[in-house]
Amino acid sequence: MELADKAKHVSQCLQLAILLEAGAHKPGNVSVVTNFEKTRYEHFLASAVAVGPSFEAAAKKGTEIGEGRVPVANAGVGQVIKNSVTVVNAWQHGGNTLLGTIILLSPLAIAAGMISTAAFKISELRKNVRLVVESTTPEDAVNVYEAIRIANPAGLGKAPDLDLYDPASTRKILEERISLYRVFKIAEKYDTVCSEWVNNYPITFDVAYPTLTEQIEHKRDLNTAIIHTFLKILGEYPDTFIARKTGMEKAHEVSCEAKEILNLGGLATVEGKKLLDRFDRELRKQSNLLNPGTTADIVCAALALCVLDGYRP
């Protein structure tokens, strides 16, 4: 496969993952049948289209790294994230649609480009992801700070160190040569996306991906597979997007409800369906403060692994 074709393939896989995740009727999230007041399904469609060229460029850089023409420290993952957020922001008016997803998928795009298409293996992808994130630079960190300010996600408070909105943070990052990996290491305690980055995506690779794969094989219905995977992750890992807005205690309560629904059979049983419908309505109250957005980001990353590994709907 030619370089351009390979990069396009990787980009299309990640775009498809975004579209499949956005369309599934996950509790408390925008979907093909549910919208928020200011953020609707079509905003996610526009975002998925917009982000394609950035992911393609990332995969091209990954191929150059894989061929030894570019050092991995020059992967420019921070620039990929910034470019992606910027173009997504320009293509739709629904606010922050994909920040967490972009942060998770950008290293995957580079890592996938590093692999020979004929020899693609999930285990190889994961090794490459570790290499990419551990090789990030202070410039990557500064670009991601800018990307987050552009996306302006809800629930960001003042950090005790290297605060996003403190101009001194950027100076400190560059002067003290603090890499993006180190910045995310600081944030991992209160942000699952950052935790995934610095710990080699344990929830994505070890829980979400195998669960989704098993669900697809067992249910043969993608919406059900995605929702059950979503409930599995939410039930085991309190959503830090909820925690930032309402506190960890409430996030734990939401997780307990998700686990109960799955224990009742989820969409496979009448009881599970009823409880899931009620759960969805509850999460949508209070101006969507209980939107499990981080869980959705991880499910999207798991879908990306499935599609990269050959799954087609």
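Overview of results
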{"quantity": "All positions within segment 267-313 that are within 25 Å of Gly95 (Cα to Cα) and either in contact with a His (Cβ under 9 Å, 6 or more places away or on another chain) or aromatic (Phe, Trp, Tyr) (or both)", "calculated": "Phe279, Asp280"}
{"quantity": "Meets criteria (surrounded by 17 or more Cβ atoms within 10 Å (Cβ to Cβ), free of Cβ contacts under 8 Å to residues at least 24 places away in the same chain and under 30 Å from Ile242 (Cα atoms)) for Ser31", "calculated": "yes"}
{"quantity": "Tabulated pairs, segment 267-282, first under 14 Å from Lys232 (Cβ atoms), second of a type in the set (Lys, Arg) and surrounded by fewer than 17 Cβ atoms within 10 Å (Cβ to Cβ), C-beta under 7 angstrom, 6+ apart or interchain", "calculated": "Leu267/Lys273"}
{"quantity": "All helices (runs of 4 or more DSSP H) inside segment 1-79 with 1 or more residues being β-branched (Val, Ile, Thr) and within 21 Å of Leu303 (Cα to Cα)", "calculated": "3-23, 41-50"}
{"quantity": "One residue from Ser54, Ser106 being touching a Phe, Trp or Tyr at 6+ places or on another chain (Cβ under 9 Å), polar (S, T, N, Q) and surrounded by 24 or more Cβ atoms within 10 Å (Cβ to Cβ)", "calculated": "Ser106"}
{"quantity": "Any helices (runs of 4 or more DSSP H) falling wholly within segment 153-246 and containing at least 1 residues that are farther than 22 Å from Ala141 by Cβ", "calculated": "209-219, 222-236, 240-246"}
{"quantity": "Qualifying positions in segment 275-298 - assigned to a helix (DSSP H, G or I), of a type outside the set (A, V, I, L, M, F, W, C) and surrounded by fewer than 22 Cβ atoms within 10 Å (Cβ to Cβ)", "calculated": "Asp277, Arg278, Asp280, Arg281, Glu282, Lys285, Gln286, Ser287, Asn288"}
{"quantity": "Matching residues in segment 124-151 - criterion: being of a type in the set (S, T, N, Q) and within 22 Å of Ser11 (Cβ to Cβ)", "calculated": "Asn128, Ser135, Thr136, Asn143"}
{"quantity": "Test: Glu249 is farther than 21 Å from Ala187 by Cβ, charged (D, E, K, R), in a helix (DSSP H, G or I) and without any contact (Cβ under 8 Å) to a residue 40 or more places away in the chain", "calculated": "no"}
{"quantity": "For Asp163: the one exception among (1) of a type outside the set (Ser, Thr, Tyr); (2) surrounded by 15 or more Cβ atoms within 10 Å (Cβ to Cβ); (3) in contact with a helix residue (DSSP H, G or I) (Cβ under 6 Å, 6 or more places away or on another chain); (4) within 16 Å of Leu180 (Cα to Cα)", "calculated": "(2)"}
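Every number here is computed from the coordinates shown, using simple stated rules; none is lab data. The structure presented is a predicted model; accordingly, all values stated were derived computationally and were not measured. Please note: Cβ atoms are built from the backbone with ideal geometry, for glycine as well, and neighbour counts cover all protein chains shown.
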